[in-house]
Amino acid sequence: MEQNEILKKILSTGIELSTSGTTGVHKHIFQTPQKLQAANNVSRQVQDITANSRILTVCTLTHAGGLLAQTLPAVEIGAEVAIQKFNAYTWIRQITDYTHSHLTPDMARAVMKTRGFNSVNLNDITIMCGSDRVNSGIIQSFIDRGATFIANWGMTEVGPVAINQTFNPGDVVTTTENIMGNSVHCDTKIVDGELYVKGDICVYDDWFATGDIVSEVNGMFYYMGRKNA
């Protein structure tokens with residue numbers, strides 16, 4: 001079965017994904033078709049992914065960011081998706097043929113170190129970045145090259161497009177690496193400093209304790225660390 005057909009089948013059967021393990025033991029989380037559909041709708045809305053979009057996927061499909069941030073939302077509506085192993089030099093040569101790509105902060109930093117980064121034109125290209133803290137230097141560097149840059153927070157259990165902020169060319173980034181975002185796509189509450197989430201893009205029906213310590217000021221969420229870390 002071709003990869004595209006496998007991805008389409010996931011939409012009707014669901015899939016079990018492993019958490020990254022960066023904050024503890026790997027957990028296996030089943031994504032139901034209903035949760036996937038809700039999360040896909042949010043991902044497309046936030047990133048303006050349409051049937052005419054062209055997605056360059058370089059994050060692994062075995063974790064939520066690689067599969068769910070852009071790839072599955074695009075496959076669901078018949079958009080073009082190219083799936084490749086990440087190489088910073090290849091990415092910088094190919095990205096102008098695409099409209100969207102999702103990078104981790106480490107990937108973004110690797111791209112920034114390539115010779116071609118300072119001359120690449122990222123106009124009309126949307127870069128989503130998450131899975132770890134996204135500092136202001138990364139954001140500013142990409143929007144200075146013309147990209148629309150989305151700093152994103154999510155987890156295998158929620159989203160992965162759950163809380164984010166979009167930065168556009170011409171913006172001056174004054175935020176810190178603690179930024180989560182001011183655009184929220186699920187119900188949230190903070191209990192004793194810990195973020196709880198709930199909603200259609202969550203795998204659980206009840207409130208889920210994320211384990212992330214956050215603060216919220218005037219609608220902006222900031223990541224302060226892990227509980228008991």
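Using the Karplus relation 6.51 cos²θ - 1.76 cosθ + 1.60 with θ = phi - 60°, the per-residue 3J(HN,Hα) values for the range 174-183 come to 10, 6, 10, 5, 7, 4, 10, x, 10, 10 Hz, with x marking Gly and Pro.
Solvent-accessible surface of the range 68-109, taken per residue with a 1.4 Å probe and all protein chains present: 41 Å².
Rolling a 1.4 angstrom probe over the chain with all protein chains present gives an accessible area of which 45% lies on carbon and sulfur atoms. Near His63: Cβ cut-off under 15 Å, other residues only, Lys/Arg at +1 and Asp/Glu at -1. The net charge is -2. Accessible area per residue for the range 125-206 is 39 Å², calculated with a 1.4 Å probe on protein heavy atoms, without ligands, DNA or RNA. Dipole of the range 55-115 computed with +1 at Lys/Arg Cβ and -1 at Asp/Glu Cβ about the Cα centre; of Gln70, Ile55, Ala110, farthest Cα towards the positive end is Ala110. Cross-link partners of Lys198 among lysines, defined as those whose alpha carbon lies under 22 angstrom from its own and excluding same-chain residues fewer than eight positions apart: Lys27, Lys35, Lys189, Lys227.
Note on the range 126-229: dipole from Cβ charges, positive end direction compared against Cys202, Ile179, Ser141; the farthest Cα belongs to Ser141.
Normalised by the number of residues in the chain, what is the relative contact order in percent for Cα pairs under 8 Å and 6+ residues apart?
14 percent
Recomputing volume of the Cα convex hull per residue in Å³ from the coordinates shown identifies the correct label among (i) 117; (ii) 147; (iii) 129 as (i).
Between the range 103-138 and the range 202-217, the C-alpha centres lie 27 angstrom from each other.
The values are calculated or read from the model by the stated rules, or taken from the named source; none is laboratory data. For clarity, every value in this text was computed on a predicted model and none was experimentally measured. Reconstructed Cβ throughout: ideal geometry from the backbone, glycine too, with neighbour counts over all protein chains shown. Calculation scope for accessible area: heavy atoms of the full protein, side chains included, ligands and nucleic acids excluded. Shrake-Rupley method; radii C 1.70, N 1.55, O 1.52, S 1.80 Å.
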